[in-house]
Structures are given as structure tokens and as C-alpha cells.
Amino acid sequence: MARPRKSRILASLLFISVILLSFSAEASTASGAGYANPTPPGVIVPAPTSFHTYDSLMSEIMQLSAAYPDLVTNVTIGTTWENRSIVALRMTMPGNSSAKENVLFMGLHHADEWMSMEVVMYLVHYFLANAKTTPEIRAILEKANVWFIPMVNPDGYEYSRLHDSLWRKNRRNNGDGTFGVDLNRNYGYEWKTGGFAADGSLIVSSSIEYPGPSSFSEPETQVIRDFALANPLVFSISYHTAGEWILFPWSYTPAPTTADGVFRAYSQEMASTNGYRLLQEGHSSHNKPGNSDDWLYHALGTLAFTFEVGPGYSSQDEQQIAGVTLANVMSAVHGAELSLGLIQLSCTPQLLLCVPELSVASLAVPGLFGAVFFGLRMRRRRENRLNRLGPGASGYSDEIVEHSRTVGRGST
Ligand SMILES: [Zn+2]
């Protein structure tokens, strides 16, 4: 009879495909998704030895746009409660900028997370020094407007720098003797939902995570919203500190986004250059609705990531600026390259696990049966990977506690 024979052939093909897959998947793991060397190409620029002030940051940005008018434009995109400017720096190769994609690197939503600003400014200097001479950077700038907003919360930063190094929020006068809104709880998607307000402690105005009187109540978040709507972003990283994590939506819920595989695949490729751990942020200690990633992804489909840069206790340690900033260049470069189609993922997110394209092709032969077993194997591997990289075993909430003891008393 033909039927059993057909089954045997199918079984044989399946066996071969699993062997091939197994070999390829192990190879993928062994090679660390393909980027073993975290050292950026081209010119390595020096890092500052002390943290910028608001004034020194502003004057540096003005100097750069004056010195490199063909590459750099600075735009004041908004004004804070205390009348400080929020400035965006755009870098792109000369050409039709309106036809280009937009990529954003931003820092310092949280006032005490000083290192996050330095990472963005270091990226500015690195991109500028390599714009014309390093092919990878030139290609990014030919295809995209790369935007840098190093200081989303200048009022809070100056207050943290001059008066209270643990200050986290902006400087809204809440009118009841308290000040400040947590800007990364004030964005307008699922604001204050998902149990965040359950026991009331987080939503009182004195809370370090006070989400504000309404969504987008703050000039700083309105500015980022309006900027993003005017310049729809394909990719963004919001830098925070600390603990060495790459986080992605959703944050308001443990449920995954429909792009979960893509977020994980990007995260893995970026993490392969800085060694950071990955986490969907909704799996952290408590849900955090109203953050920038959730809103950007929801409103614009932006592949929006949060990086918690630097080891614990490093957020305000000037001796760590050079190490932390340099370690985060290649992850930013690869994220931008991926989102612009300049390089391809070395994995296939639709199949739940990063595996080389070749092994997927080999599985096309046995067809449906193979695909079913392939899926089972993928799922098992994904669980293993989650155990290693994801929630639960990750220690992410420990990082928040550590963070709270040093600088921040809060979380992302
Ligand atoms: Zn933060």
C-alpha cells in the first residue's frame, strides 16, 4: 500500500530535517547570533570624564550643529515647566530628509539616571566622527534621519544634580506640597491601568511613580508624543539605568505583543554585542503602564526598546562613563541597521526561535508534518531560552531593589 510507504518517507525527511535543524540551532547559539566583537568600527571617540550639566549639554549641541551644518540640525522641540528647552539633534547625510526613515535614541526620562544621557551623547559623537568614513554608519545616515534627544527631563536633571541626587520625576508643582510626575508613567496608552492603581500607593502625588493627573499631562511627554507623530519612528531606544537589561513592550501587561518574536529577535541581536539580558517589561516586579515604549509601539508600530544601561551603582559614577557608553554603541548601530533593512536578522522570529534561515529552508521539504514537529521543538527551545533570559529567573526585580538603594528609588 502506498500510504505507509509515504508515511515512512515523510518520517525520514522529518528525521533528517530535525538533525539539520539541531545542528543549525546549536551553531547559532555557539556563534552568539553573529556579533562576537562589541568594538565599533571606525573612529572610537573619547568619552567625557564628568557628567554634562544642562548648560554644557546645550552649548555642546549648538557647537556641533554650527560645526557640521551639512550633517547636524538641532531643533528645540519643547519647553518644560521651568522654561528649559528640550532639544533634538538630527543627523543625516545631505539629501531628501523627508523621504527617509526616522530612528530615535533618547535619554534621561528619569532625573537621577545620569548615565542614560551620556550614552546618547556618546552616540552623537560616534556617529558624527564616522558619518562619512565608516560604511556602516554612512549607510544608516543615508537611509535615515537619526534623532538624538539626550535629555527628556532637564528640570528634573538639574534638580537631581544640584539638590537631590535621588530625584527621579520632573518638576511639576502638584499643588499639594509635592512635586513631580514620573514621565515614564505619563504616556497615553493604557495609562494607569492593569492593576497599577490597585492599592493606591503608586498613584498618589508623593509617589516616585506618580503617573500624573492625566495621560500626557506633562510638557515633556507631550513633546515626545508630538515629535514622534511628526517624525514616525521605525526604531527607538529609550536609555535608562541601571542593571544591564534590554526591555520591550508590553510594559502594562505580561501579555506579549503580536510582534513578540520580532522584539525578541532584535533584542537578542543587540544583546549579543553588550551582553545585556532580555525581558518583556510586563514581566518585571509590577506592571508599568504609560511608558514610552508601549505608546510608541501602539501609536506608530515603532520597534521601541528600553535599555537599562550600566551595572548597578553606576548611574552617577563618572569613572564608568567611558565603559558604559562604549559598550552600547554596537547594539544601537545594529538595531538601526536591522530596522532600516541594512542587515538581516540572523534568526526567524515568526518561528518562535532564532535559527538560521538555512534550517528553515531544509524544513520546507517535509512540509506540514515537519512544520508541526518543528513548531514543537521551537516551543521547547523557546521555553529554555526564556528560563535563561526572561522573567522569573532573571533577577530583574532584584535590580530594581538595588537600583532603589542607590539612585532612583524606583524602576524603569
Ligand atoms: Zn528610568
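Every number in this text was worked out from the coordinates using simple rules, so none of it is lab data. Small disclaimer: the values here were computed from a predicted structure and weren't measured. With ideal geometry, Cβ positions are generated from the backbone for all residues, glycine too; neighbour counts draw on all protein chains shown.
General observations
- Note that the range 231-243 has calculated 3J(HN,Hα) couplings of 9, x, 9, 8, 7, 8, 10, 9, 8, 10, 9, 9, x Hz, one per residue in order, obtained from phi through the Karplus relation 6.51 cos²θ - 1.76 cosθ + 1.60 (θ = phi - 60°); glycine and proline are x.
- Span from the the range 276-321 Cα centroid across to the the range 230-267 one, whole angstrom: 7
- All C-alpha pair distances within the range 54-346, sorted into 5 Å bins from zero, spread as 1, 6, 13, 18, 20, 18, 13, 7, 3, 1, 0, 0 percent across the bins.
- Reachable lysines, given that their alpha-carbon falls under 25 Å from the alpha-carbon of Lys288 and they are not under 8 places away in the same chain: Lys169, Lys192
- With the convex hull drawn over the C-alpha atoms of the range 226-275, the volume per residue is 120 Å³.
- Counting Lys and Arg as +1 and Asp and Glu as -1 over every other residue whose Cβ lies under 11 Å from the Cβ of Met93, the net charge comes to +2.
- Cross-link reach list, lysines versus Lys100, counting only Cα pairs under 28 Å and skipping chain neighbours closer than eight places: Lys132, Lys143
- P(r) for the range 139-215, from all Cα pairs and a bin width of 5 Å, is 3, 14, 20, 20, 14, 10, 8, 6, 3, 2, 0 %, short bins first.
- Taking Lys and Arg as +1 and Asp and Glu as -1, the other residues whose beta-carbon sits under 14 Å from that of Thr253 total -3.
- Taking N as its residue count, the alpha carbon Rg of the range 145-297 over 2.2 N^0.38 Å: 1.06
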